[in-house]
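A quick write-up on the structure given underneath.
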Amino acid sequence: MIDALALMLASDVGSDPVPTPKDLEAVAAVQYGAEGSSAFTILVGGGSDLDGADYAQGIAEYSWFVAEGLGLGLYASGIGVWQPIEDAAGGGVGIDIRWHFLREETWSVYGELGCGVQFTTNEVPANTSDTNFAPWAGIGVRQQLDAGTSLMLGVQWFHQSNARTDEQNPGRDSIGAYVGLSWSL
């Protein structure tokens, strides 16, 4: 409101018409993924290794766009794993990079890579370790819902293993999908 009043007072008499609130919103909005901007994202999803083990995961992430469409993120996650021998729950932290390689005004297509460390209540996969590294890669789409909120949809390959920090390291590869919301900051 104050910005609109200042803009009206600064305009010359006889100049172009005073901007409408819609005009002001367009000027104030920064395109999602603009260099120097940031975003907070919440994602929920799950997947399967197609061999009897499934997982569900929630992620909260803060991203900085270091270049146009290129975001670096830090995230915290919670995970539930349903596996044939012993189920597990846990959480972790990690980093990721997301590149919005096809960007339009209200939508984008992106590729992503990330890696985190997870700590679980039981061994994942069973009979290995309760501390795992979790690299992943995927592709997704972003659709703007309003000036500051976007819907995120994606599919991923998700790996869990102890990176040979234990005697056994069978690892697990899963295919998963997620949905979430991202807010421009």
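In debye, nearest 20: dipole of region 55-138 around its Cα centre with unit charges on the Cβ of K, R (+) and D, E (-)?
On the way: 2 positive and 10 negative charges, 22 e Å.
Its charge dipole is roughly 100 debye.
When the convex hull of the C-alpha atoms of region 33-184 is computed, what volume per residue in Å³ does it have?
On the way: hull volume 13.3 nm³, N = 152.
Enclosed volume per residue, from the Cα hull, is 88 Å³.
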Exercise for the section: Determine, for each peptide in 48-54, 158-164, the mean count of other beta carbons within 10 angstrom over its residues, then list the peptides with the highest first. Expected result: 158-164, 48-54
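About its Cα centre, how strong a charge dipole does region 26-185 have in debye, to the nearest 20, once Lys and Arg get +1 and Asp and Glu get -1 at the Cβ? Please report the intermediate quantities before stating the final value.
Details: 5 positive and 18 negative charges, 77 e Å.
With only Lys, Arg, Asp and Glu charged at Cβ, the dipole is about 380 debye.
Where a number appears in this text, it was derived from the coordinates with a stated rule and is not lab data. Keep in mind that this is a model prediction, so the values were computed, not measured. FYI the Cβ positions are ideal-geometry reconstructions off the backbone, even for glycines, and counts take in every protein chain you see.
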